[in-house]
1. Which of the strands (runs of 3 or more DSSP E) contained wholly in the stretch 162-265 include at least 2 residues that are at pLDDT 95 or above, in the same structural domain as Thr454 (by TED's automatic domain parsing) and at negative phi?
2. Select from the stretch 235-271 the residues that are more than 15 Å from Ser420 (Cβ to Cβ), of a type outside the set (Lys, Arg) and in contact with a strand residue (DSSP E or B) (Cβ under 6 Å, 6 or more places away or on another chain) and list them in ascending order.
3. Being farther than 24 Å from Asp195 by Cα and in contact with a helix residue (DSSP H, G or I) (Cβ under 8 Å, 6 or more places away or on another chain) is the requirement here; does Val450 meet it?
4. Taking only pairs six or more apart or across chains, which ones have beta-carbon atoms under 7 Å, a first residue in the stretch 91-110 that is farther than 11 Å from Val29 by Cβ, and a second residue that is buried (at least 16 other Cβ atoms within 10 Å of the Cβ) and of a type in the set (A, V, I, L, M, F, W, C)?
5. Picking from Arg152, Arg165, which residue would you name as being surrounded by 13 or more Cβ atoms within 10 Å (Cβ to Cβ), closer than 30 Å to Leu230 by Cα and in contact with a helix residue (DSSP H, G or I) (Cβ under 7 Å, 6 or more places away or on another chain)?
6. Do we have any residue at all in the stretch 379-390 that's among the small types (Gly, Ala, Ser) and at pLDDT 95 or above?
7. Taking the criterion of being surrounded by fewer than 16 Cβ atoms within 10 Å (Cβ to Cβ), among the aliphatic types (A, V, I, L, M) and under 30 Å from Phe123 (Cβ atoms), would at least one residue in the stretch 29-45 satisfy it?
8. I'm trying to understand the selection: among the residues of the stretch 386-403, which are buried (at least 18 other Cβ atoms within 10 Å of the Cβ) and in a strand (DSSP E or B)?
Amino acid sequence: MSAVDKEVAELIELGQSIVKRARGAGADVAEASVHGGSHLSVKVRMREPELVEEAGSRALGLRVMLGKRVASTYTSDLSKAGQQLLIEDALELAKLSEADEFAGPPDPSELSKPTQWADLDTFDDAVSEIAADEAMQRALDGERAAFDYDSRITNSEGASFTRARGMSALVTSGGFAGGDVGTYASVVVTPVADDEGGKKRRGYHWSAARHYAELESSRAVGQEAARRTLAQLGAKKLPTQELPVIFDKDAARSIVGLLAGCVLGGSIWRKSSYLVDRVGTQVASDLVTIIDDPLLVRGPGSRAFDGEGLISRRNIVVQDGKLQTYLLDTYSARKLGLQSTGSASRSSSGGISPSTSNLTLQPGTISRDDLVADTKHGLYVTGMMGFGFNSVTGDFSRGASGFLIENGELGHAVSEVTISLNLDQLLQRIDAVADDIDHRTSIASPTFRVASMTLAGT
């Protein structure tokens, strides 16, 4: 048994002990989630170290049910006394809570077994072994590459390197016991350049991966961050107009993220989503297919089983523009008279809610450059600011920056404009999807073009 397997086995053993003791104390249902891990973060600024932070943590969450009354609590005190207080507090809270007719664990027949779990390769020993001096050098190299790229890079908001290692275990009185492990490393560089009128232009670039070998070099990240910063020099406003808008893959990711919150079961049964009662209807262009895939090898959001112990499964959320399903845990499924989609997520406190895993707008066949070349006049958005989105109505309005497109080429930088359109219409107006997908984060999208949006400027 490897050292990692041994650590997971110890977490499972602790979870089994807590469940047994909670049941013995009167709980009809008991579910324990145990989390352990460590992280290292370093930051440099202006070629000098600014922060070194390394820490480890363990937490124990417990959800209990007394009939239809539910309570969740957690502790970081794993002593015998701390464990006993956790159990007592959970039961006391359950006695004080209101009964909920939809409460209850999944049927034991729905729980997954170890023989069903896919190996998703989410753990890399090389990430765990990164020491503080190596992390510091990675951050310094990234910032130095940005400064060396061009003399117009005169300042920096810093460069950082982070690595994380985590493991968890879930044990339920329904008969489930399983563990999960993961690593993640990232490097970020944020240079600053001086622009006309005393303005400062800030750009950034970053790389992240489960496995250390897949992380971009710090030099490459710093150079790309510098290039993006310099490209913003001379940014201008545009006059108010209607025009096609291309969202680059980072900006497009945030659009998909807005949709993600609207397809979760909690938003649906609370009627806080514009997609209530929309399954089977057209919610996007027929070029749009969005899949939630927890089984993506080395994916940032990958998991072999969900937060209730159900086997993970690939869910097609939108296919050819039509909404196929919501993402549901057991509770929201019962509220809606549906079946769980294996999308439960359990927080460190023991609470459960539906979530996405690796939610991806599927790539098209055209390159990003060809998509720009195919646009006679438009706006290429690389960044958005603010939180202008109403999930109930779908109304969307955000500050944006990027580049003017003229005759199929990127022109001068653009800033201080606002783009707006109802999200329902925005997705249905997508008329081209590029092929430049990457999976640095658990929500991913290629570059895509919206045929027409309102731009508010001068």
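The values are calculated or read from the model by the stated rules, or taken from the named source; none is laboratory data. Given the structure is predicted, the values throughout are model-derived calculations rather than measurements. Please note: Cβ atoms are built from the backbone with ideal geometry, for glycine as well, and neighbour counts cover all protein chains shown.
1. In the stretch 162-265, the matching strands (runs of 3 or more DSSP E) lie at 241-247.
2. Here is the first cut: in the stretch 235-271, the residues more than 15 Å from Ser420 (Cβ to Cβ) are 235-237, 239, 246, 248-250, 252-253, 256-257, 259-271.
Now narrow it down to the ones that are of a type outside the set (Lys, Arg): 235, 239, 246, 248, 250, 252, 256-257, 259-269.
Within the stretch 235-271, Ala235, Ile246, Asp248, Ala252, Val256, Gly257, Ala260, Val263, Leu264, Gly265, Gly266 qualify.
3. yes
4. Close Cβ pairs (under 7 Å, with a partner that is buried (at least 16 other Cβ atoms within 10 Å of the Cβ) and of a type in the set (A, V, I, L, M, F, W, C)) amount to Leu91/Ala27; Leu91/Val64; Leu93/Ala71; Lys95/Leu66; Ser97/Val70; Ser97/Ala71; Asp100/Val70; Glu110/Leu310.
5. After applying the criteria, what remains is Arg152.
6. Restricting attention to the stretch 379-390, the residues satisfying the condition of being among the small types (Gly, Ala, Ser) are 383, 386, 388.
Next, only the ones that are at pLDDT 95 or above stay: none.
No, that holds for no residue.
7. Pass one, the stretch 29-45, residues surrounded by fewer than 16 Cβ atoms within 10 Å (Cβ to Cβ): 38-39.
If we keep only those that are among the aliphatic types (A, V, I, L, M) as well, we get none.
No, every residue in the stretch 29-45 fails to be surrounded by fewer than 16 Cβ atoms within 10 Å (Cβ to Cβ), among the aliphatic types (A, V, I, L, M) and under 30 Å from Phe123 (Cβ atoms).
8. Listed by number, the residues that qualify are Phe389, Phe396, Arg398, Ala400, Ser401, Gly402, Phe403.
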